[in-house]
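Right, one structure below, let's go through it.
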Amino acid sequence: MKISIVCAFEDEIKLLTGKMSEVKSSIICGIPITSGKIGGHEINLCIGGIGKSNAAATTQFNISALGCDALLNIGLAGNCSSLPLGGAVVASKLVYHDYNMEWARESAPFVTYFTPDKRLVAAAKAVLDKLGTPYIDGVVATGEQFIQDSAVKADIVARTDCKCVEMEGAAFAHIAQKCGVPFAVIKVMSDNADEAGHDDFSQTISVGGYCDLSSRVIYELVKSL
């Protein structure tokens, strides 16, 4: 199977490259790509950049140019649930919180939310159980905004019933579902999307623990497929 893994930035998944064989690196269309193998699968690890446009473009590239059979998106997100930081949300649905989803339904894939592949979701949950990582499944809400305001978070939760907020997942899911490629989205909680959000996120990146978890989750997930 040819599996593409899309992340916003290298820290979220950098340890995975050390677990790949036959590793090659390249930059195509401005996208840093590390290719290799894990458990017999061909892997393309792509650092797409922050935001919806970057996520959508990188996802389409993986489908159209690299011909992937499955897509995985993992990264950090702001917590909108009772999960502890370092816990994970496995997306059951993905929506934009800064775009009218009724408008999204007017073009392919003609839906008001995007739905991950059930088999990949089940495999992701099994891996999180194996690693002893607390997780829930639920809605992931995406928008062009780093949330660090409790009132803004409360408004997004009220409108979307989301369990976390971030900046790429729905755009990734939108293109994957539009093109008919199975996908899953896993988000690790790096902050609580409140007034301390920026400091918590910055500490997460500097310490690296939650990013290390992202790499372990994807490695075990790919091996299990």
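Taking 0.36 nm per residue of separation and subtracting the Cα-Cα distance, what length does fully extending LYS223 through ALA65 add?
Between LYS223 and ALA65, full extension yields an extra 54.5 nm.
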Note down the net charge around PRO116, summing +1 for each Lys or Arg and -1 for each Asp or Glu among other residues with Cβ under 10 Å from its Cβ. +1
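Mind running the shape call on the stretch 70-157? Use the C-alpha gyration tensor, a ≥ b ≥ c as the square roots of the eigenvalues: rounded below 1.5 for a/c, prolate if a/b tops b/c, oblate otherwise.
Taking the square roots of the gyration eigenvalues as a ≥ b ≥ c, the stretch 70-157 is oblate.
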With all protein chains present, calculate the accessible area of LYS24 using a 1.4 Å probe and round the result to the nearest 10 Å². 150 Å²
Place a +1 charge on the Cβ of each Lys and Arg in the stretch 1-137 and a -1 charge on the Cβ of each Asp and Glu, then give the dipole magnitude about the Cα centre in debye, rounded to the nearest 20. 300 debye
Ranked order, PHE114, PHE61, PHE146 - accessible area, probe 1.4 Å, largest first: PHE146, PHE61, PHE114
Classify the stretch 50-115: rounded, prolate or oblate, from the alpha-carbon gyration tensor (a ≥ b ≥ c, eigenvalue square roots; a/c under 1.5 rounded; otherwise prolate if a/b is larger than b/c)? oblate
quick shape note, the chain: Cα extents on principal axes in Å, largest first -> 48, 42, 32
For the pair ASP149 and ALA108, the simple spin-label estimate (label points 7 Å beyond Cα toward Cβ) gives in nm 3.8 nm
Could you calculate the FRET efficiency of SER53 with ASP129 from 1/(1 + (r/R0)^6), where r is the beta carbon distance between them and R0 is 25 Å, rounded to 0.05? 0.10
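How much of the accessible area of the chain, in percent, comes from carbon and sulfur atoms when a 1.4 Å probe is used? Before the final figure, lay out the partial values.
Details: 4810 of 9410 Å².
Result for the chain: 51 percent of the exposed heavy-atom area is carbon or sulfur.
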In terms of Cα to Cα distance under 30 Å, which lysines are near enough to LYS130, apart from those fewer than 8 places away along the same chain? LYS2, LYS14, LYS19, LYS24, LYS37, LYS93, LYS118, LYS163, LYS187, LYS223
Counting other Cβ atoms within 10 Å, keep those with at most 15, restrict to DSSP loop, and tell me which GluC sites (Glu not before Pro) in the stretch 78-169 are left. GLU106, GLU144
Suppose each label sits 7 Å from its Cα in the direction of the beta carbon; what would the SER25-ASP161 distance come out to in nanometres? 4.4 nm
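Classify the stretch 4-96 as rounded, prolate or oblate from the Cα gyration tensor: take a ≥ b ≥ c as the square roots of its eigenvalues, call it rounded if a/c is under 1.5, otherwise prolate when a/b beats b/c and oblate if not.
Numbers: a/c = 1.88, a/b = 1.43, b/c = 1.31.
Because a/c hits 1.5 or more and a/b exceeds b/c, the stretch 4-96 counts as prolate.
The values are calculated or read from the model by the stated rules, or taken from the named source; none is laboratory data. None of the values given here were measured: they were computed from a predicted structure. As a convention, Cβ positions derive from the backbone with ideal geometry for all residues, glycine included, and neighbour counts pool all protein chains shown. These accessible areas exclude ligands, DNA and RNA; they are computed on the full protein's heavy atoms, side chains included. Shrake-Rupley method; radii C 1.70, N 1.55, O 1.52, S 1.80 Å.
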